[in-house]
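Worksheet: one structure, shown below.
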Ligand code: 13P
C-alpha cells in the first residue's frame with residue numbers, strides 16, 4: 001500500500017530573533033509562499049515572545065506557526081512556563097516537544113515529553129515529538145534501541161494520526177553540518193514506522209516522520225527523497241527566507257514508502 005502523507009517542513013527558530021527580525025522573516029516567507037508556491041505544508045516555530053506578531057504577519061498566508069515547547073499543565077503556579085491552550089489561543093497549529101536541547105538543558109525525560117504532548121493534543125495542537133540518539137549512542141550501536149525507547153516513552157496513548165508528527169533528530173547532527181548517511185536515515189525512519197505500527201497500523205501509515213539535523217539548501221533534496229522521510233525540521237537554515245524556501249521547494253508533493 002502506498003501511503004499518501006503530505007510532507008511538512010518546519011523551521012525551528014530556537015532562541016533567535018527580536019521582533020523586527022522575526023516579523024521581517026515571517027513577511028518574507030509569506031511573500032515567498034505567494035510568489036513561489038510549494039506543494040508541501042510549511043510552518044515556523046518562533047520564540048514564544050514573537051508568536052503573536054508572527055501570527056499577525058502570517059494571518060493570510062498558508063505558512064503556519066507553532067511553539068517550541070509547552071507545559072504539561074493547562075494553567076496554574078508554573079512561573080515562566082507556557083501552557084498549550086495559550087499557544088492555541090495565539091493561533092498556533094503545532095508545538096515542538098522533547099527537542100534534544102530541552103531534554104539536555106532542562107533534563108526533560110520521555111515521560112515529561114509524553115505529558116507535554118498530551119497537553120498539546122488536548123489543546124487541539126499537533127505535537128512535533130522529537131527523538132534522536134547522541135553521538136556516543138550511535139558509536140555504541142544503540143541508535144535503534146534508543147530511538148525506539150524514546151518513541152515508546154514519549155508518545156501518548158490513544159493517538160490519532162493528526163495529533164502528532166515525529167521528528168528524528170540525531171543529537172550529533174544538530175548544528176554541526178554533519179548528517180547521517182542516507183542509509184542510516186532510512187534505517188531509523190523505517191524503525192520509527194515499525195514502532196508506530198506496534199501502536200496501530202493506521203497510525204504508522206499516516207503519521208509524518210521528519211528528519212532534522214543540519215538540513216540545508218544543498219542537501220535538502222537528497223534527504224527529502226529518502227524513504228519514510230516526510231519532511232524536515234530545520235534549525236539554522238530556517239533563519240533566512242531564501243535557504244528555508246529552497247528547502248521547502250525541494251520537498252515533493254507526496255511522500256510514499
Ligand atoms: P540545525 O538545522 O541547525 O542543525 O538544527 C536542527 C534542529 O535542531 C531543528 O529542531
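The values are calculated or read from the model by the stated rules, or taken from the named source; none is laboratory data. All of these numbers come straight from a predicted model, not from anything done at the bench. Positions of Cβ are backbone-derived with ideal geometry, glycine not excepted, and every protein chain shown enters the neighbour counts.
In the stretch 31-39 there is at least one residue that is more than 20 Å from residue 101 (Cα to Cα) and at pLDDT below 95.
Considering only residues that are under 14 Å from residue 179 (Cβ atoms) and touching a residue at least 60 places away in the same chain (Cβ under 8 Å), which ones fall in the stretch 202-229? Residues satisfying the conditions are 210, 212, 213, 224. Any residue at all in the stretch 170-182 that's within 20 Å of residue 43 (Cβ to Cβ), in contact with a strand residue (DSSP E or B) (Cβ under 9 Å, 6 or more places away or on another chain) and surrounded by fewer than 23 Cβ atoms within 10 Å (Cβ to Cβ)? There is at least one residue in the stretch 170-182 that is within 20 Å of residue 43 (Cβ to Cβ), in contact with a strand residue (DSSP E or B) (Cβ under 9 Å, 6 or more places away or on another chain) and surrounded by fewer than 23 Cβ atoms within 10 Å (Cβ to Cβ). If you check residue 84 against the conditions, is it surrounded by 14 or more Cβ atoms within 10 Å (Cβ to Cβ) and more than 16 Å from the ligand (Cβ to nearest atom)? Considered against the rule, which asks whether it is surrounded by 14 or more Cβ atoms within 10 Å (Cβ to Cβ) and more than 16 Å from the ligand (Cβ to nearest atom), residue 84 comes out as yes.
Conditions tested, residue by residue: (1) touching a helix residue (DSSP H, G or I) at 6+ places or on another chain (Cβ under 8 Å); (2) at pLDDT below 95; (3) farther than 15 Å from residue 147 by Cβ.
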| site | (1), (2), (3) |
| --- | --- |
| 166 | yes, no, no |
| 188 | yes, no, no |
| 192 | yes, no, no |
| 200 | no, yes, yes |
| 214 | yes, no, yes |
| 221 | yes, no, yes |
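Scan the stretch 223-243 for residues that are over 18 Å from residue 6 (Cβ atoms) and either within 11 Å of the ligand (Cβ to nearest atom) or at pLDDT below 95 (or both) and jot them down. Of everything in the stretch 223-243, those that are over 18 Å from residue 6 (Cβ atoms) and either within 11 Å of the ligand (Cβ to nearest atom) or at pLDDT below 95 (or both) turn out to be 235, 236, 237, 238, 239, 243.
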